[in-house]
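Structure, as structure tokens:
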Amino acid sequence: MITLNELKHQSKACTCGNNHYDILIDNIVISDQALQQVVPYLESKQFKKVAIIADEHTDDVVGKTISNLIREANIANSKSILQPNAQGDVVADEAALIEAMLGIPRDVDVVIAVGSGTIHDIVRFASFKMGKPFISVPTAPSVDGFNSMGAPVIIKGVKLTYQMQSPLAVFADLSILIGAPKEMIAAGFADMIGKYTSLADWKFSHLVADEPYCPLSARLTQEALDGCVNSVEQIIQAEKDGIKILMESLIQSGLAMLLVGHSSPASGGEHHLSHFWEMDFIKNAKTQVLHGAKVGVSTQLVLDLYKNQMLELIYSDDKLQELSTNKADAVLKQQDELVQVLKALPNSSDIAAMLKSLQGAVTPSDLGIPSELVSESLRKAHKLRDRYTMLKFWNEHVGLHEYV
Ligand SMILES: [Zn+2]
């Protein structure tokens, strides 16, 4: 994983021409005994009052240990346990955001998020809105958003990502992460797998719609993805080395997002499908499935579209000319590079095989997603974001009638 110093150095040297955000994180610890470093960090920052936010489960796994350590160090602390909704889920929605804010006394110096991705999103949002910094303590390597700025939250049934704040520090304790449920490890891996299509979409949006692009951020994301895929065997065994690489990949992907201040490197058409499904689950009061699990499945659907129909279209000068739009002309102009981008992508069957060996979800039906919802999302999910993904191009120019 790139070090913070190296990242800051490379960020300064980057010549992409875009505004690079200051990386506010000053400490990332991914090791055994990372929890033991929380108190020394609080002391070094002279934080005197701390609010811990967890849910019942993550409190059992880690929260209680942290409160004990903090209490022993005579640092004042309070704890708030977020309650699940009627479906038994802790979801990042209005209710949870208010609940978290109620759990952050106005005089605390810092908030500690103890949990997986959802708790981090809730705390990222609530702490930022209350003008408090926060510290990340992940309890499972399940998602790549721990250290990014974006908080995807659901307001009135619509899932949107708001740019809030990154944590000041991350303490990821391997002795805890290694005990995470297999499905959460598979979900973290699957969230990384989504970078195949998010990176391709980012490049596409840059070449075709002139959206801002940063080769440094793209390279960091690609390296994180490759590191993860190359270590799939160790991750399957849930060996410490494998879990460490997975967590480092997830954190590095988060750093790549921080650098550019948005989630384009890590979120393309595959994430839009996942958000669409999540919103549908909420509308129908269905129990949520893990973010990464959805991304692993949606990545395969998007890969099938991109590597087959989309690639065929990009190859065809005649068809592109016939479409006769500015965007189709831009695709034609960038034809060679786009063909390379798409040809470099893996096949969906390769992804399915990896997810299967990780005992993760492979197909929409594994997640309880009916085929009508799959079709609808392939036709509509691109509208959730402005980003000019290939999914958007395809829908605007050709349409996905064959999926109906
Ligand atoms: Zn994701």
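Observations
- Gyration tensor (alpha-carbon) shape descriptor, the chain, a/c threshold 1.5: prolate
- Linear extension gain, Q83 paired with K327, 0.36 nm per residue minus alpha-carbon span: 83.1 nm
- Taking every alpha-carbon pair in region 1-66 and binning the separations at 5 Å intervals from zero gives 3, 12, 17, 18, 16, 13, 10, 7, 3, 0 percent.
- Prolate/oblate/rounded label for region 128-256 (Cα gyration tensor, a/c 1.5): oblate
- Pair K8, D32: separation of 7 Å Cα→Cβ label points (nm): 3.0
- Within region 32-180, the proportion of Cα pairs with more than 28 Å between them is 11 percent.
- Tilt relative to the chain, helix 4-13 - C-alpha long axis, 0 to 90 degrees, to 10: 40
- In summary, the convex hull built on the alpha carbon positions of region 187-403 has an orientation-averaged projected area of 11.4 nm².
- Of the chymotrypsin sites (Phe, Trp or Tyr not before Pro) found in region 62-154, not one falls in a DSSP loop while having at most 11 other beta-carbon atoms within 10 Å.
- Relative intensity, log₁₀ I(q)/I(0), of region 222-263 from a Debye sum that treats every alpha carbon as a point, q = 0.15, 0.17, 0.24, 0.29 Å⁻¹: -0.36, -0.44, -0.71, -0.89
- Measuring against 19 Å, Cα to Cα, the residue pairs K333/K383; K48/K79; K156/K283; K283/K380; K203/K392 contain K333/K383 as the ones spanning a longer distance.
- Region 316-404: C-alpha gyration tensor shape, a/c 1.5 cut-off, then a/b vs b/c: oblate
- Mean projection area, nm², convex hull over Cα of region 301-353: 3.5
- Portion, in percent, of the accessible area of region 32-180 that falls on carbon or sulfur, probe 1.4 Å: 52
- Direction-averaged projected area, Cα convex hull, region 1-119: 9.8 nm², rounded to one decimal.
- Heavy-atom accessible area order for F276, F393, largest first, 1.4 Å probe: F276, F393
- In region 194-308, the inverse of the mean reciprocal separation of distinct Cα atoms equals 15.0 Å; this is its Kirkwood hydrodynamic radius.
- Tilt relative to the chain, helix 240-260 - C-alpha long axis, 0 to 90 degrees, to 10: 70
- For region 188-267, the carbon plus sulfur part of the accessible surface works out to 46%, probe radius 1.4 Å.
- K286-D350 FRET efficiency (beta carbon distance; Förster radius 30 Å; 0.05 resolution): 0.50
- Ordering R71, R124 by accessible surface, largest first, gives R71, R124; the 1.4 Å probe counts only protein heavy atoms, with every chain in place.
- Sulfur and carbon atoms: percent of accessible area, region 323-404 [1.4 Å]: 48
- Antiparallel beta bridges, as assigned by DSSP with both residues in the chain, represent about 20 percent of the total such bridges.
- GluC sites (Glu not before Pro) lying in DSSP loop within region 228-293, provided at most 16 other Cβ fall within 10 Å: E239
- Two-decimal Rg to Rh for region 251-314 - Kirkwood Rh, Cα set: 1.06
- A probe of 1.4 angstrom, applied to the heavy atoms of all protein chains, finds I98 with accessible area near 100 square angstrom.
- Against the main long axis of the alpha-carbon atoms of the chain, helix 269-283 sits at an angle near 60°.
- For the chain, accessible area per residue (1.4 Å probe, heavy atoms of protein chains only), Å²: 40
- Here K244 is the anchor, and the lysines within straight C-alpha reach of less than 25 Å, apart from those fewer than 8 places off in the same chain, are K8, K64, K182, K195, K294, K356.
- Stokes-Einstein translational diffusion, region 248-370 - Kirkwood Rh over all Cα pairs, 1.306 mPa s, 10 °C, in µm²/s: 96
The values are calculated or read from the model by the stated rules, or taken from the named source; none is laboratory data. Everything numeric in this text was worked out from a predicted model, so none of it was measured. Cβ sites come from the backbone with ideal geometry, for glycine too, and all protein chains shown count toward neighbours. Remember, those area values only see protein heavy atoms, side chains included, never the ligands or the DNA or RNA. Shrake-Rupley method; radii C 1.70, N 1.55, O 1.52, S 1.80 Å.
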